[in-house]
Amino acid sequence: MKIIVFGASSKSGLEVVRQAVAAGHAVTAFVRDTVKLGTPAAGVTVVQGDATDAAAVAAAIAGQEAVISLIGPTQGGPKSVATAATGNILTGMKQHGVRRLVVASVAGIPAPGDNRGALAGVIGGAIKLFMRDAYADREQQLALLQSSDLDWVAIRLPRLTDDPASGYQLGFSNPGPGLVVSRADLAAAMLEQLTANAWLGKAPIISAKAA
């Protein structure tokens, strides 16, 4: 499958690219800074650009069969980068007839189907208060996806680790402070959603599989 990965130079993005290449996909890595990407694996096409540039995003999506996005707010970066990038990606996909989109979101943002306890509500309120811009950006990003008629899945992330893959689960679990998942398992989950249909139009939380 021809896949474009936005945010490919992040730690999680690098793992997605690595696993995608290992699985035999033809990968395009869309990055702002090629230095952070390092030396790409053989067969990886690198596109340097800004995901808030609608024309650049649409041009990069041309000829792809699926899209993965790990773009999110960064310290000192644009306040609504996830929303702007997601909007550009959705527009570019419609323009070029690409339907499948897998996005990394965050567990702190509520979504339909959640089973949140009282503690999660308190933590969510604190996050919303102290991370206003980033929280609003992620809320708006999810709202954009929910209003789209494309085949999207938003995987909401708890705390990420650099541990080896150990298995993961997707669902609407209570996003407590102890919830974690490895970047290796996140990458595997995102790639699986390129062809799986169980979570289309939904935003499950990913976590390490219970022992």
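No value in this document is a laboratory result; all are computed from the given coordinates. The shown structure was predicted, so the numbers you read here are calculated from the model rather than taken from an experiment. Here the Cβ is made from the backbone with ideal geometry for all residues, glycine too, and neighbour counts use every protein chain on show.
With Cα atoms defining each centre, segment 31-76 and segment 144-172 are spaced 19 Å apart in the structure.
Ordering A41, A82, Q64 by Cα displacement along the dipole of the chain toward the positive end leaves A82 in first place; charges were set at the Cβ atoms of Lys, Arg (+1) and Asp, Glu (-1). The order of T195, T91, going from fewest to most other C-beta atoms within 10 Å of their C-beta, is T195, T91.
Between A26, A66, A41, find the one with the highest GNM mean-square fluctuation for the chain; connect C-alpha pairs within less than 10 Å. Ranking A26, A66, A41 by mean-square fluctuation puts A41 first.
Could you line up R138, R99 from fewest to most neighbouring Cβ atoms inside 10 Å?
Numbers: R138 23, R99 13.
Fewest-to-most Cβ neighbours within 10 Å comes out as R99, R138.
Cβ crowding within 10 Å, taken as a proxy for footprinting-reagent exposure, orders V46, V67 from fewest neighbours to most as V46, V67.
A60 sits among other residues whose Cβ lies under 12 Å from its own Cβ, and their net charge, with Lys and Arg +1 and Asp and Glu -1, is -1.
Basic side chains Lys and Arg get +1 at the Cβ, acidic Asp and Glu get -1 at the Cβ, and with that the dipole of segment 1-87 about its Cα centre reaches some 160 debye. Here the spin labels are modelled as points 7 Å beyond Cα on the Cα-Cβ line, and at Q146 and K209 they lie 3.1 nm apart. Amide H contacts of W152: L101, G201, each under 5 Å away and 5 or more positions distant or on a separate chain (H built 1.01 Å from N in the peptide plane; Pro and chain starts excluded). Computing percent of Cα pairs over 26 Å apart for the structure here picks out one of [x] 35; [y] 29; [z] 44, namely [y].
Structural descriptor for the chain: relative contact order 20 percent, calculated from alpha carbon pairs under 8 angstrom and at least 6 residues apart. Label positions at V35 and A198, each projected 7 Å from the Cα along the C-beta direction, are separated by 4.3 nm. For V106, neighbours were defined as the other residues whose beta-carbon sits under 11 Å from its Cβ, and their charges (Lys and Arg +1, Asp and Glu -1) total +1.
By how many nm would the segment from K2 to V180 lengthen if fully extended, with 0.36 nm per residue of separation less the alpha-carbon distance?
Numbers: separation 178, 0.36 × 178 = 64.08 nm, distance 2.98 nm.
Difference between extended and current length: 61.1 nm.
Think of each Lys and Arg Cβ as +1 and each Asp and Glu Cβ as -1; about the Cα centre, that makes the dipole of the chain roughly 180 debye. Of all lysines in the structure, those lying under 17 Å Cα to Cα from K2, and not within fewer than 8 positions of it along the same chain, are K94.
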